[in-house]
Amino acid sequence: MELTSVEKLLIKYNNGNTSLQEESDLRDYFTSEFVAPHLQEYVSVFTYFTAVKNDTYNKDILLKPKKFNNIRRKFMSVAASIVLLLSATFVAKQEYDRFQAHKKLAQITKGLKLLSNQLKKGEVALANVYSYKTTPKLKN
């Protein structure tokens, strides 16, 4: 196989555009003894695929779920629901308390304004009384 065609196939291979036949040609080239020095890094890739192709796994896989895992999953879902409910209750209580504090502050502010207005009226009335006492009496 020519070096230029191998390099073109490598570009197609790296882009994921090669066919199975082209990949087989690349595998044949890189498993041979005549690989260009600047393409030596691809030798390990293609020799690995050739070596692993015939590996098998012969152990049995147990797919039966354990009963303990089901119980744990149910317990965890109930616990998560309780934590979520308690968190929501706690946040709602904090917001309610904040609202009540704001409401009380508004009532206190309103009461203090009313008291201030009444004190101003009383101050004006006392000023009038004081000015009445301090005016000199006229002699007839």
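I want to confirm something. Restricting to the stretch 1-59 and keeping residues that are basic (Lys, Arg) and not in a helix (DSSP H, G or I), which single residue is farthest from the chain's Cα centre (by Cα)?
That would be 53.
For the stretch 50-69, how many residues are at pLDDT 75 or above and surrounded by 10 or more Cβ atoms within 10 Å (Cβ to Cβ)?
Count: 1.
Which condition number in (1) exposed (fewer than 12 other Cβ atoms within 10 Å of the Cβ); (2) modelled with pLDDT of 85 or more; (3) among the hydrophobic types (A, V, I, L, M, F, W, C) is the one that residue 26 fails?
Every condition holds for residue 26 apart from (1).
The values are calculated or read from the model by the stated rules, or taken from the named source; none is laboratory data. Keep in mind that this is a model prediction, so the values were computed, not measured. Every residue, glycine among them, receives a Cβ derived from its backbone with ideal geometry; neighbour counts consider all protein chains shown.
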